[in-house]
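Below is one structure, written out as structure tokens, with a few remarks after it.
Every number here is computed from the coordinates shown, using simple stated rules; none is lab data. This one's a predicted model, so the numbers in the text were calculated from it and none came from an experiment. Neighbour counts run over all protein chains shown; Cβ positions are idealised from the backbone, glycine included.
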Amino acid sequence: MNEITRQRLRRLLRIAFPMLLSQASETVMLFVDRLFLSRVSKVHLAAAMSGGLTAFVLSALFAGAVGYVNAIVAQYYGSGKKQFCARATTQAIYAAFMSYPILLLFIPFTRYFFEAVGLEPEQVSLTNIYLQYLLAGSLLLVLRYALTGFFTGIGRTRIVLAANIAAMVVNIPANYVFIFGKLGLPPLGMRGAAIGTLCGGFAGTIILGIAYFRVSRGAEFRADHQWRFSGELMKKLLRFGLPAGAETFLNMGAFNLFVQLMHSYGTDVAASITIAFNWDLVAFIPMFGLGIATTAVVGQHIGARDFEGAEGSAYLSLRLGYIYSGLMMVLFIAGAGPLVRVFSSGFSASADVVKMARIFLRLVSLYTVADATNIIFAGSLRGAGDTKWVMRISVIVHWTLALTALLFVRVAHIQPIAVWSLFIGMILILGFSMLFRFRSGKWKSIKLI
């Protein structure tokens, strides 16, 4: 490894390592919340996935759009125009507040979706309760994406890590208290899980907000009229951010439909697939953090017009992703049985649930490396501003999966394992697609700032 590569690796790790830990804390929160709910019933466990995923889908358009400020800030930072970093973030904060009333409009209608996809009545009720609480607090999620984008773009990801750890420290005990009814409180079950999650989100958002006010007012980033609305910067954010947000919204919408279709097989399949996805999060979310860091590093290099550095950093990030995803692949193959029992022991799962969950989890191992390829190169392309292409190919692949799954489940009545194999194929196609696009070099001609 030569000196230039070592410098790039140090720069990447300085941003990426705190983001990996930040996303690991997110994984711990989701994992423990669902572990607690598995001690209530398998229906509560499945409902947490259905409701949480649907809440994220409905927020995704706005969260993805404002979160794209990461790439904009990174390019301004790399070009030396640091006074625009805070001004661009201010526009993202305004966009977050404008999105909140729209998200609240979904609350009266959410139950109809779960009934339409065929969930069992008890799961519909629990899922809807969880979702409505999360939508009521959705402003916290969207604001967190905007503020995280600022700190990731300027490379100060330790602040993001501190906020996520604070959220975790609040979230886990709050969920325990509210779900099971401790400290003199009644057991709230699903409502308690939602309230605990919102408490953690509030703590993390407050820390990010305080840090943003302090850092953005410092000499390095302070700008005249920092809090003034800027039509030019808002237009730039929406022009590049909306495709990124639309990609997240449409992709997660397709994924959500796929998950609800799997859940429509009944509570046994719903519990099995939820157990597999809970462990999949252990592989996916830290790599997602690495993808966010890659967007920032590539953006900084491009802002400085250093395309060789951008390309080299992307491949370094890919190596890190392969190391982690390779470890996860081995874990899921060799340890499927014990991993499944972590959840299944909580609700005395039947032999069928345990068997299916083991199969689903071992199949997850088939796509972990391809998922790393997809996440890293998609993040690199977003850092360059190539959001429209990423959106088009990703949406096409995701909705091909969702509609094929709909046909298989509702018309052909194919077995769940075969439908799950469709998901694996989708990840493989996405990984190769992002790799070929990045290697084409077309992203080098895009002007973001």
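In whole Hz, what ³J(HN,Hα) sequence does region 59-65 give by Karplus (6.51, -1.76, 1.60; θ = phi - 60°), x for Gly and Pro?
So the J values, rounded to whole Hz, are 8, 5, 4, 7, 5, x, 5.
Can you tell me the orientation of helix 121-136 relative to the chain, as the angle in degrees between its alpha-carbon axis and the longest Cα principal axis, to the nearest 10?
Rounded to the nearest ten degrees, it is 20.
Can you list, largest first and rounded to whole Å, the semi-axes you get for the chain by taking the square root of 5 times each eigenvalue of its Cα gyration tensor?
35, 25, 20
What dipole magnitude, in Debye to the nearest 20, does the chain give about its Cα centre under +1 on Lys/Arg Cβ and -1 on Asp/Glu Cβ?
So the magnitude is around 1240 debye.
Calculate for the chain the 222 nm mean residue ellipticity that helices alone would give, adding -39,500 (n - 2.57) per DSSP H run of length 4 or more and normalising by residue count, nearest 500 deg cm²/dmol.
Computed ellipticity for the chain at 222 nm equals -28500 deg cm²/dmol.
Just to confirm the number: angle between the C-alpha axis of helix 189-216 and the first principal axis of the chain, 0 to 90 degrees, nearest 10?
The answer is roughly 10 degrees.
In nm, to one decimal, how far is the modelled label at Arg392 from the one at Ser79, with both set 7 Å along Cα→Cβ?
2.5
For region 214-278, which GluC sites (Glu not before Pro) are in a loop by DSSP, counting at most 14 other Cβ atoms within 10 Å?
Hits after loop and neighbour filter: Glu220.
For a quick check: sort Ile159, Ile376, Ile102 by the number of other beta carbons within 10 angstrom, fewest at the front.
Ile102, Ile159, Ile376
Counting pairwise Cα distances across region 22-117, what percent come out greater than 22 angstrom? Please list the in-between numbers first.
On the way: 2364 of 4560 pairs.
The proportion of pairs with Cα distances above 22 Å equals 52 percent.
Which one of Ala24, Leu135, Val269 has its Cα pushed farthest toward the positive end of the charge dipole of the chain, where Lys and Arg give +1 and Asp and Glu give -1 at the Cβ?
Ala24
Quick one: order Tyr77, Tyr112, Tyr68 by neighbouring beta-carbon count within 10 Å, fewest to most.
Arranged by neighbour count, lowest to highest, Tyr77, Tyr112, Tyr68 become Tyr112, Tyr77, Tyr68.
Using only the alpha carbons, work out the radius of gyration and Dmax of region 275-337 in angstrom.
Looking at region 275-337, its Cα Rg and Dmax stand at 14.8, 50 Å.
Could you rank the peptides 166-177, 202-213 by their average count of other C-beta atoms within 10 Å per residue, with the highest value first?
Most protected by this proxy first, the peptides run 166-177, 202-213.
Any idea how many Lys pairs in the chain come in under 23 angstrom at the alpha carbon, given 8 or more places apart or on separate chains?
Pairs that pass both the separation and distance tests number 20.
What's the angle, to the nearest 10 degrees (0 to 90), between helix 307-334's Cα axis and the longest principal axis of the chain?
The angle comes out near 20 degrees.
How high is the relative contact order of the chain, in percent, with contacts defined as C-alpha pairs under 8 Å that are six or more residues apart?
The value is 24 percent.
Please state the charge dipole magnitude for region 274-404, taken about the Cα centre, from unit charges on C-beta atoms (+1 on K and R, -1 on D and E), reported in debye and rounded to the nearest 20.
280
Quick check: convex hull of the Cα atoms in region 391-449, volume per residue, rounded to a whole Å³?
78
Apply the Kirkwood formula to region 335-433: the hydrodynamic radius equals the inverse of the mean of 1/r over all pairs of different alpha-carbon atoms; give it in Å with one decimal.
After inverting the pairwise mean of 1/r, the radius is 15.4 Å.
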